[in-house]
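In what follows, a structure is listed as structure tokens, so that the remarks can point back to it.
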Amino acid sequence: MTAADLIPPLVGEPDVERVDAERAGRVGRPGRDRTRRSLGRILIHAALAVAGFAMVFPFVWMLLTSFKTLPQLLQDPLSFWPDPWTLDKYVDAWNAVPFGQAYLNSIYICVLAVVGTLLTASMAGYAFARIRFRGSRVLFIVFLATQMIPKQVTLIPFYLLMAKFGWVDSHLSLIVPAMLVNPFAVFLMRQFVLSLPKELEEAALVDGAGRWRTFWTIILPNLKPGLGALGIIVALDVWNSFLFPLVLLNSPDLFTVPLLLASFRGQFGSVDYGLVMAASALATIPMLVAFVIGQRRILNSMAASGLGGR
């Protein structure tokens, strides 16, 4: 021990060894942080991959099973690849029940419901976003709160109302309510209108345009991204609707695709489940293709609407 070691450091004078240790720690920390972040990203991607596989595998199994022959299904039901590949199940499923009529029913119901919903929701969203009237905020909150009521709760009152109108066993009971009552669609269009600059409307009003003309010439053209995304969402919802068609439709020639598929499963499910898989693929693939094509538009429209910020 030297004399310098016995002299305490002056007040305010840094401890050289402590400073060196802190510097060494700071130098090594970024490397550890990068390793930790990389490990976290790897774990997240691995978990997402496992979850994605769990969701995709049943659909892949359905498609592969639909190409198998009945002897293969009976002899080796757990086999993965069809041997041999055949399209007979699709031909048999299409001819066993009136799939063509069901497709036409679902397509025209979807088209009318989507067009009507886009029109009414865009007008209602514009009114709630820009036109201030007494009780507008309360009315919007009450209207939006109906979204939280399960459809099963309103099933009996809705059926009685449709019976009063004489729309039971008619496609009007599926089309008109879908056009007029969609709180989510109104909310989404309202958010899109709120994201538009008010200067556009003010310029139109200065030029002498009224509310109606402003909506058709200024607001509606700027809502095209949101209308495209909303159209896909509404089409998916209407196409996959099962409960209300089951209750309201009685005639087989009025059945939609999900309703016909349920009837098909009841007839052939215990006999040839490969046939049921082919029918399920026929019912699922159109909307799956529509969603794959439009998923980017949906995500971009949700982000542009400001749903997270308003």
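Modelling each spin label as a point 7 Å along the Cα-to-Cβ direction, I'd like the Phe59/Ser263 distance in nm, to one decimal.
Modelled inter-label distance: 2.8 nm.
Please state, as a whole number in µm²/s, the translational diffusion coefficient that the Stokes-Einstein equation yields for segment 193-232 at 4 °C and 1.567 mPa s, with Rh defined as the Kirkwood radius across alpha carbon pairs.
121 µm²/s
Rg and Dmax in Å for segment 139-191, alpha carbons only: what are they?
Over segment 139-191's Cα set, Rg and Dmax evaluate to 12.6, 36 Å.
Considering all projection directions equally, how large on average is the shadow of the alpha-carbon convex hull of segment 80-179, in square nanometres?
11.2 nm²
Over 10 Å intervals from 0, what percent of Cα-Cα pairs in segment 89-135 sits in each interval?
Calculated P(r), rounded to whole percents: 22, 26, 20, 15, 11, 6, 0.
Compute the distance in nm between two label points, each set 7 Å from the Cα along the Cα-to-Cβ direction, one at Arg132 and one at Glu199.
Here the answer is 2.1 nm between the modelled labels.
By how many nm would the segment from Leu246 to Asp169 grow when fully extended, if each residue of separation counts as 0.36 nm and the alpha-carbon distance is taken off?
Details: separation 77, 0.36 × 77 = 27.72 nm, distance 0.99 nm.
That pair, Leu246 and Asp169, stretches by 26.7 nm at full extension.
May I ask for the equivalent-ellipsoid semi-axes of segment 42-90, computed as the square root of five times each C-alpha gyration tensor eigenvalue and listed largest first in whole Å?
30, 10, 7
Mind checking segment 109-171 for chymotrypsin sites (Phe, Trp or Tyr not before Pro) that DSSP puts in a loop (not H, G, I, E or B) and that have at most 16 other Cβ atoms within 10 Å?
Phe133
Please report, to two decimal places, log10 I(q)/I(0) for segment 227-292 at q = 0.12, 0.24, 0.27 Å⁻¹ as given by the Debye formula with identical point scatterers on the Cα atoms and no solvent.
Each listed q corresponds, in turn, to -0.36, -1.06, -1.15.
Which trypsin sites (Lys or Arg not before Pro) does segment 61-150 hold that lie in a coil by DSSP with at most 15 other beta carbons within 10 Å?
Taking segment 61-150 and a limit of 15 other Cβ atoms within 10 Å, the loop trypsin sites (Lys or Arg not before Pro) found are Arg132, Arg134.
From the C-alpha coordinates alone, can you work out the Kirkwood hydrodynamic radius of segment 150-238, in Å?
15.7 Å
Let me check I have the definition right: for segment 60-122, take the eigenvalues of the Cα gyration tensor, multiply each by 5, take square roots. What are those semi-axes in whole Å, largest first?
Value: 38, 15, 7 Å, ordered largest first.
Net charge within 14 Å of Leu70 by Cβ-Cβ distance, Lys/Arg positive one each and Asp/Glu negative one each, not counting Leu70 itself? Don't skip to the end; give the middle numbers.
Numbers: positive: Lys68, Lys89; negative: Asp76, Asp83, Asp88, Asp92, Asp272.
For residues surrounding Leu70, the net value is -3.
A short reminder: the numbers here are calculations on the coordinates, not readings from a lab. If you're wondering where the values come from, they're calculated on a predicted model, not measured in any experiment. Methodologically, a virtual Cβ is constructed for each residue, glycine included, from the backbone with ideal geometry; neighbour enumeration extends over all protein chains shown.
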